[in-house]
Amino acid sequence: MSVRSLHSLSLVTIFALALVAPLRSQDLTRLYGRWLGESEDNRGEVLVIEKDVLVLDGERIPYRAHGPRTLVLGGDEDGERAEWSIEGDVLSFNLEGEVLRYRREGTAGKPKTGNPLAGRRGPDADPFARRFRGEALELALDGDAKRGYRGTLSVDGERYPVTAGTRDGVLRGSFVVDGESYEFEARLAGDRLTLKSDGVTHQLDALAEEGVTAPRPQPDDPDGDAEAPGNPKPDAQDPKELEPQALDGVFAGATQRFEHPRGWFACEFPKGWSVHSQDDSGMLVNPGLTANDTLDAIVFLIWGRLEPSDQNQPVATVIEKHLPQMREALAQQGLTVGEPLDAIATVKSKEVPGAVVEFPVQTANGQALRLWFGGLVKQDAWLAVGGVVLQDKAAAYLPKVKRIFTTLEPKPPERNPKLEAALVGRSFSSSQYGRVTESAHHASYSFAAGGVVTRRLMSNVISKPGLPGVSSDSERSGRYEVCGDIAFLYFETGQEAAQVVQQGGKVTGLRIGNAVYQ
């Protein structure tokens, strides 16, 4: 297939779009950049992280994702595993029991907000991009309303990473504590920020800075409760709660029914469209292209389980929450996402209401694209369909993408107590041998009654010539449940998913990514 038009869009780019929906997965774009070692064993070491490659003191090491916040170095199943986490500007790698810390270059000792060259905030400064402090709390944000905000929340001296965005002047975001995401909402009145999370309200004040001019209540509205952007009247109806409307511009031509091979959902594909590739989290759809066609459209379906913080929320609210992450992820791919062409709309679908949104997108060389995305939720699972197309080809492809969306029949796998019981007392293991360094790694998962799973990692790494090797043996316990034939494993470091492999009605292994644990 010739790739003329969407040259810059890779498969990684498309699955970065999953950030629009409530996907519990790694946002690898947070790793990209230049880092400086600050642990005792790596002080001053330069680490550059690019898409698919780590550059460590000049040596290029390929990597790929393997489960939540885990990388496999070397790019295949035989490489070393490294768990990662980011707290503020500090990146930590747990490489088979050895923890190495890096700080993002250019952040040590510098202000966390504002332009470091400006020295003072002007009257046009973004009102949220600054530091706020309350009792035992401090919130520091960078960014703006268009690109979204990133920063840290400090509670009793502990710092947690924050992402947020605004809509109608209201700041909505989340922060991460030990791998769990928690939501907050904040409104600004002058220099006073009212922040709510889990039903608790906190008052924070902007830290005094020379030259600050912040928006304040108008003289005829001393309490700041007039109907205005960011401060709607309490009885104002949220557009996301309005009665779902029929979706406009849906293709009405011939279709063919598609059934997920494991029964997770069904829908209608336009005639001539087919599955290009798929795994347990998504698929790419070939929109009728032949080997001689240019790649003018990329169509995808993605699905997963809801994060706890996204349950019991309107779909439009969840999509809105993840827009800043989506913008940042696509920006790392050289794509600039503009403002939505219309507000996120709640629409009718075949079984449950969904939400849709469309954006203008521009490539680094100025090429105009369109991104259309629609998602829906059923039980504790979500399912979405989307398309990235050339702007002048939108009319040819997007109505057919909408047809897939309006015919979605989500059938999330049900809890499978029988298969859960079949795992009790069983252990599954796999061994890998490193190619980047001389090493051997052994991983096992053991299941016990009461929904308990234990993951054990053992490794032996031969270090540089003349230096002793490193051996480690770590164990972590968590909980598990089986839905359909997928075992969801919940550890403090995040969630993993494994397909339960069966032969002749008996459990024979677990498949995690491309690795099979016997």
* Structure fact -> Sorted by chain and number, the residues with a modelled amide H under 5 Å from that of F258, at a separation of 5 or more or across chains, are C267, E268, F269
* Could you let me know the centre-to-centre spacing of the stretch 327-383 and the stretch 125-157, using Cα atoms, in angstrom? => 26 Å
* Using θ = phi - 60° and Karplus 6.51 cos²θ - 1.76 cosθ + 1.60, couplings along the stretch 125-132 (whole Hz; Gly, Pro as x) -> 4, 5, x, 8, 7, 6, 9, 10
* **Cut-off 11 Å between beta-carbons: net charge of the residues surrounding V155, Lys and Arg +1, Asp and Glu -1** => -3
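How do K506, K378 rank when sorted from fewest to most other Cβ atoms within 10 Å of their own Cβ?
In increasing order of surrounding Cβ atoms, one gets K506, K378.
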* Computed label-point distance, nm, for sites V507 and R147 using a 7 Å Cα→Cβ extension -> 4.8 nm
* Cβ-derived FRET efficiency at R0 22 Å, R192 paired with A136, nearest 0.05 -> 0.80
* Any chance you could run the full-extension gain for R257 through E105? It's 0.36 nm times the residue separation minus the Cα-Cα distance, nm to one decimal. => 49.6 nm
* Asked: Of K271/K402; K51/K146; K350/K400, which ones are farther than 21 Å apart at the Cα?
  -> K51/K146
* With unit charges on the beta carbon (Lys/Arg positive, Asp/Glu negative), name the residue among V285, V337, P353 whose Cα is farthest towards the positive pole of the charge dipole of the stretch 274-358. => P353
* **Summed side-chain charge close to F265 - residues other than F265 whose Cβ falls under 12 Å, Lys, Arg +1, Asp, Glu -1** => +1
* Asked: So what J values fall out for the stretch 152-163 if you push phi through Karplus, 6.51 cos²θ - 1.76 cosθ + 1.60 with θ = phi - 60°, rounded to Hz, Gly and Pro as x?
  -> 9, 10, 9, 10, 6, x, 8, 9, 10, x, 10, 10
* Kindly write out, for the stretch 287-294 in residue order, the coupling ³J(HN,Hα) from the Karplus curve 6.51 cos²θ - 1.76 cosθ + 1.60 (θ = phi - 60°), rounded to whole Hz, with x marking Gly and Pro. => x, x, 7, 10, 4, 9, 8, 7
* Asked: Once amide H atoms are built 1.01 Å from N in the peptide plane, which residues 5 or more positions from E105, or in another chain, come under 5 Å H to H?
  -> R34, W35, L36
* To do: Based on other C-beta atoms within 10 Å, arrange V99, V500 from fewest to most.
  => V99, V500
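For an R0 of 51 angstrom, estimate the FRET efficiency from the Cβ-Cβ distance between Y182 and T294 and round to the nearest 0.05.
About 0.70, to the nearest 0.05.
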* Asked: What is the gain in length, in nm to one decimal, between N312 and Q518 on full extension, counting 0.36 nm per residue of separation less the C-alpha to C-alpha distance?
  -> 70.4 nm
* Take I486, I86 and order them by how many other Cβ atoms sit within 10 Å, fewest up front. => I86, I486
* Structure fact -> In debye to the nearest 20, the charge dipole size for the stretch 290-388, taken about the Cα centre with +1 at each Lys and Arg Cβ and -1 at each Asp and Glu Cβ, equals 160 debye
* To do: List every residue whose amide H lies under 5 Å from the amide H of G509, counting only residues 5 or more places away in sequence or on a different chain, with H placed 1.01 Å from N in the peptide plane.
  => V501
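Throughout, read-outs are computed from the coordinates displayed, never taken from laboratory work. The model shown is predicted, which means the values in this text are computed figures rather than measured ones. Heads up, the Cβs are rebuilt from the backbone with ideal geometry, glycines too, and the neighbour counts pull from every protein chain shown.
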